[in-house]
Structures are given as C-alpha cells and as structure tokens.
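A.B. asks: Dropping the structure in here first, questions after.
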Amino acid sequence: MSSEQTPPTTTPDATGPRPRRLTYAAALAALEGLALVAGGVWMAVLALTGEPDDRQQAVTGGVTLIVLALLPLLAARGLFARRSWSRGPAVITQIIALPVAYNLLRSDSVAIPAGIALAVVSVTALVLLVNPETTRALGIRGPGNAEK
C-alpha cells in the first residue's frame with residue numbers, strides 16, 4: 001500500500017498538554033462515579049444495619065449503584081488518558097443523569113438540592129464533552145472529516 005492509501009489514524013494528539021476542558025470533564029465523571037459508589041455503600045450498609053421494608057431489595061439497590069458507578073469511573077479514567085472511546089460512556093452517563101435530576105427536582109424533600117447539583121454537573125459535563133477542543137484532544141473526527 002502506498003502512503004496515500006493508508007487510512008488516517010484516529011489517535012489523539014498526546015504531545016501537548018491535556019486541555020483543561022477535558023480534565024474538567026474527566027473530573028466531573030469521576031465525581032459522579034464516586035457519588036454513586038458512596039450512595040451504593042450507604043444504601044447497602046443501611047439495608048444490613050437498619051430496618052428496611054425489604055432487606056433484599058435494599059441490598060440489591062446498593063450493589064446496583066456500585067456496579068453502575070463503573071461506567072463513569074471508567075469513562076473518567078479514559079478521558080484522563082485521552083482515549084477516544086471514553087467520550088461515549090461519559091456522554092451516556094450525563095444523558096442518564098438528566099432524568100434522575102429532573103425526578104429529584106420534582107420531589108418534596110431534601111432531594112431537591114441533590115437534583116440541582118446533579119443537573120448542574122450533568123449539563124456542565126455535556127458541554128465540556130462536546131466542545132471542539134475536547135473532541136480534538138481525544139482524536140475524534142466529526143462527519144465530513146474522514147479524509148483529513
């Protein structure tokens with residue numbers, strides 16, 4: 001194959017410093033993952049030490065939150081390492097978090113501040129993840145740029 005026929009690489013440009021937007025997006029994804037782990041551990045501990053209505057359901061909920069934390073934590077790790085695959089899971093995490101934030105905002109309890117915080121973090125992370133500087137740093141090419 002000649003050099004004209006070799007497909008262009010999609011590896012990110014790791015020669016320069018990591019853009020701040022990418023670092024902030026990774027930090028927000030890691031924060032969400034850690035919050036899910038903390039919530040899952042708290043839920044499981046309360047299920048085992050307290051008097052839940054259904055102990056098995058409470059433990060399952062805690063374990064589920066801990067397992068769900070893997071998605072944003074892996075995405076954050078990939079974003080810090082400038083892996084192009086990591087933007088997808090990070091965006092999916094933010095999109096899933098928006099309806100959760102909406103439901104928290106509609107509650108009549110102390111969950112409203114948590115809903116506000118989650119909505120702010122999710123929208124901020126989405127804006128950072130779709131930013132052209134972040135896209136370039138991850139080596140992601142948009143439609144119409146396949147030949148470049």
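A.B. asks: Given (1) surrounded by fewer than 17 Cβ atoms within 10 Å (Cβ to Cβ); (2) in contact (Cβ under 8 Å) with a residue 40 or more places away in the chain, identify the lone condition not met by residue 79.
C.D. replies: (1)
A.B. asks: I've got another one for you. If we scan segment 39-54, do we find a residue that is of a type in the set (Ser, Thr, Tyr) and surrounded by 14 or more Cβ atoms within 10 Å (Cβ to Cβ)?
C.D. replies: No, every residue in segment 39-54 fails to be of a type in the set (Ser, Thr, Tyr) and surrounded by 14 or more Cβ atoms within 10 Å (Cβ to Cβ).
A.B. asks: Is one or more of the residues making up segment 101-118 open to solvent by 60 Å² or more (accessible area, probe 1.4 Å) and under 18 Å from residue 27 (Cβ atoms)?
C.D. replies: Checked segment 101-118: no residue is open to solvent by 60 Å² or more (accessible area, probe 1.4 Å) and under 18 Å from residue 27 (Cβ atoms).
A.B. asks: Still on this structure: Which ones in segment 119-136 are surrounded by 14 or more Cβ atoms within 10 Å (Cβ to Cβ) and either of a type in the set (Asp, Glu) or touching a Gly at 6+ places or on another chain (Cβ under 6 Å) (or both)?
C.D. replies: Within segment 119-136, none qualify.
A.B. asks: Could you list, in sequence order, all residues of segment 62-76 that are open to solvent by 80 Å² or more (accessible area, probe 1.4 Å) and within 10 Å of the chain's Cα centre (by Cα)? Steps first, please.
C.D. replies: Of the residues in segment 62-76, the ones open to solvent by 80 Å² or more (accessible area, probe 1.4 Å) are 67-68, 70, 74.
The answer is 70, 74.
A.B. asks: Being in contact with a helix residue (DSSP H, G or I) (Cβ under 6 Å, 6 or more places away or on another chain), of a type in the set (Gly, Ala, Ser) and either at pLDDT below 90 or not in a helix (DSSP H, G or I) (or both): is that true of residue 25 here? Break it down into steps so the answer makes sense when it comes.
C.D. replies: Numbers: in contact with a helix residue (DSSP H, G or I) (Cβ under 6 Å, 6 or more places away or on another chain): yes; of a type in the set (Gly, Ala, Ser): yes; either at pLDDT below 90 or not in a helix (DSSP H, G or I) (or both): no.
Considered against the rule, which asks whether it is in contact with a helix residue (DSSP H, G or I) (Cβ under 6 Å, 6 or more places away or on another chain), of a type in the set (Gly, Ala, Ser) and either at pLDDT below 90 or not in a helix (DSSP H, G or I) (or both), residue 25 comes out as no.
A.B. asks: Give all pairs with beta carbons closer than 7 Å in which a residue from segment 16-34 that is among the acidic types (Asp, Glu) meets a residue that is buried (at least 16 other Cβ atoms within 10 Å of the Cβ); count only pairs at least 6 apart in sequence or on separate chains.
C.D. replies: 32/72; 32/93; 32/97; 32/121
The values are calculated or read from the model by the stated rules, or taken from the named source; none is laboratory data. None of the values given here were measured: they were computed from a predicted structure. Cβ coordinates were reconstructed from backbone atoms using ideal geometry, including for glycine residues, and neighbour counts include every protein chain displayed. Note: accessible area is taken over every heavy atom of the protein model, side chains too, but ligands, DNA and RNA are not part of it. Shrake-Rupley method; radii C 1.70, N 1.55, O 1.52, S 1.80 Å.
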